[in-house]
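Have a look at the structure below before the remarks.
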Amino acid sequence: MENNELELENQKPSYEHFLEVKDLRTSFFIPAGEVKSVDGSTFNVDKGKILGIVGESGSGKSVTAYSLMQILSHPGKIVGGSIKLEGRELVGLPERELAKIRGGKISIIFQDPMTSLNPVYTIGNQIREAIMLHKRYTVPCKIKKVTRDENGNKVVTYEDGFKEVKPTRKQANDRAIEMLELVGINSPEKRLKQYPFEFSGGMLQRIMIAMALCCEPDLLIADEPTTALDVTIQAQILELIQSIQKKMGMAVVLITHDLGVVAELCDEVIVMYGGKIVERGTADEIFYNPKHEYTKGLLRSIPTNENTNERLVPISGNAIDLLNLPKGCAFSPRCPHAMKICLKQYPDERVVNECHKCSCFMYAKELYDKGELELVNESQENTSKEGESDAE
Ligand SMILES: Nc1ncnc2c1ncn2[C@@H]1O[C@H](COP(=O)(O)OP(=O)(O)OP(=O)(O)O)[C@@H](O)[C@H]1O
Ligand code: SF4
Ligand SMILES: [Mg+2]
């Protein structure tokens, strides 16, 4: 038995990043065709870090989150790529194994708590159930060991060891109280006996956070966790997620429309458009030194301390139709700097600096040097100056 354990230990896969997502592709197969909602995403997240995912509505943020959890609704399917957690491949794992990982190692907080909480059960019932399902305590125990003596007779001995046990009802209740206290809910014993309708939106979102964290996940996915709340409560909830993340040292994937949130909370950011990652980098790089026209557009469309007196400008043009993607760069119909090459070829990811990458031909220095970056028409001449100097 000891040898077996040793062997298993040696077989543990080695890994560089806690979560490693490579070329992830998720599609919805609808009568009109294949909707490529996530189309070749590659990113990593480490413990103690927050990765932000930003993008317009319909860009593939939630589908990325649901793919990580493998909770895609029909007719959605992961059609390619890899999701590795601590080096272990999750794509293709049997549902039984995935169920252990969900709620245990990975937890998700949804945008709308009312869709995740059952209105006919008390909050206590629902939190305790999550704890009973996924939380395990390690307790000391005696491990039976059977060997044979020189005459071939069985010899039974007992050694000190540990085993994992389900919590008792009392332990689950104590843990639920502890979690409600952690997320700032007063009188937790009384609150556990109440139903979801007896709470405000902000309180329910705190309860969702408590449920997501009660089993101490290693990876927390928060999909627009504050969109349904008013601004002051939003700030409190985000601070709460950040402080708990620091305390527990989890890896966090935070999905948000709000680039201000990204600048404040995230370490790294990926920007999605039409199911693809078009820009990535540290939060400071993306916020203060955006390169992709789409990211610049997202930043112009949100209120910041700097632009309080300016008009907010939405990104011009129609939102993308994933069933009718243009050839080349998907952003070209909306991009003021579109060049002839953008209409023919997809721009591969280019290095802007060591902590910043961007999928745009304006940063294809080799093409710029060869004079191959021709504008679609002359009227763009002035608007393109900025991009050209960036490429230089
Ligand atoms: N159930 C579904 N059936 C068909 N297509 C879907 C389904 N769910 C998502 N999609 C497609 O996947 C795309 C990405 O959806 P997703 O929910 O990830 O967007 P999002 O970036 O989270 O947007 P939002 O900010 O509005 O939440 C959508 O534009 C849609 O075309
Ligand atoms: S310049 Fe070309 S590649 Fe870059 S965003 Fe505009 S259309 Fe896309
Ligand atoms: Mg979404």
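The values are calculated or read from the model by the stated rules, or taken from the named source; none is laboratory data. Just so it is clear, the model here is predicted, and its values are computed rather than measured. Cβ placement follows ideal geometry from the backbone for every residue including glycine, while neighbour counts extend to all protein chains displayed.
Could you check how many residues of segment 235-270 are farther than 20 Å from K105 by Cβ and free of Cβ contacts under 8 Å to residues at least 24 places away in the same chain? Residues that pass the stated criteria total 3. For segment 49-64, taking the residues that are under 20 Å from A330 (Cα atoms) and aliphatic (A, V, I, L, M), the one that is farthest from ligand 3 (Cβ to nearest atom) is identified as V54. Pairs meeting the criteria (first residue in segment 333-358 and away from ligand 2 (no atom under 11 Å from the Cβ), second residue at pLDDT 95 or above and basic (K, R), beta carbons under 6 Å, at least 6 apart or on different chains) are E349/K357; V351/K357; V352/K291; K357/R280. Assess whether K170 counts as being assigned to a helix (DSSP H, G or I), of a type outside the set (F, W, Y) and over 28 Å from A99 (Cα atoms). No, not satisfied. Just for segment 328-344: of the residues that are in contact with a Lys or Arg (Cβ under 8 Å, 6 or more places away or on another chain) and not hydrophobic (A, V, I, L, M, F, W, C), which one is surrounded by the most Cβ atoms within 10 Å (Cβ to Cβ)? Per the criteria, the residue is G328. Comparison of Q236, Q205, Q171 shows that the only residue that is crowded, with 23+ Cβ neighbours inside 10 Å and either over 22 Å from C355 (Cβ atoms) or touching a Ser or Thr at 6+ places or on another chain (Cβ under 9 Å) (or both) is Q205.
Does R96 satisfy being over 24 Å from V38 (Cα atoms) and among the basic types (K, R)? Taking the combined requirement at face value, the residue satisfies it. I want to confirm something. Restricting to segment 189-198 and keeping residues that are surrounded by 19 or more Cβ atoms within 10 Å (Cβ to Cβ) and not charged (D, E, K, R), which single residue is farthest from T227 (Cα to Cα)? Only one residue tops the list, namely L192. Among the conditions (1) at pLDDT 90 or above; (2) more than 16 Å from G274 (Cβ to Cβ); (3) within 16 Å of ligand 1 (Cβ to nearest atom), the only one that K357 does not satisfy is (3). Pull out all pairs, ordered by first then second residue, where Cβ-Cβ is under 6 Å, the residues are six or more apart or on different chains, the first lies in segment 211-234 and is within 19 Å of P188 (Cα to Cα), and the second is at pLDDT 85 or above and within 16 Å of ligand 1 (Cβ to nearest atom). Pairs that qualify, where the first residue is within 19 Å of P188 (Cα to Cα) and the partner is at pLDDT 85 or above and within 16 Å of ligand 1 (Cβ to nearest atom), are A212/I109. The set of residues in segment 38-59 being small (G, A, S), within 13 Å of ligand 1 (Cβ to nearest atom) and closer than 17 Å to E349 by Cβ consists of S41, G55, S59. The residues on offer are E372, E381, and the sole one that is surrounded by fewer than 21 Cβ atoms within 10 Å (Cβ to Cβ), modelled with pLDDT under 70 and part of a helix (DSSP H, G or I) is E381. Pull up segment 208-228, narrow it to residues that are in a loop (DSSP other than H, G, I, E, B) and within 16 Å of ligand 3 (Cβ to nearest atom), then point me to the one that is surrounded by the most Cβ atoms within 10 Å (Cβ to Cβ). Among those residues, the one meeting the criterion is P225.
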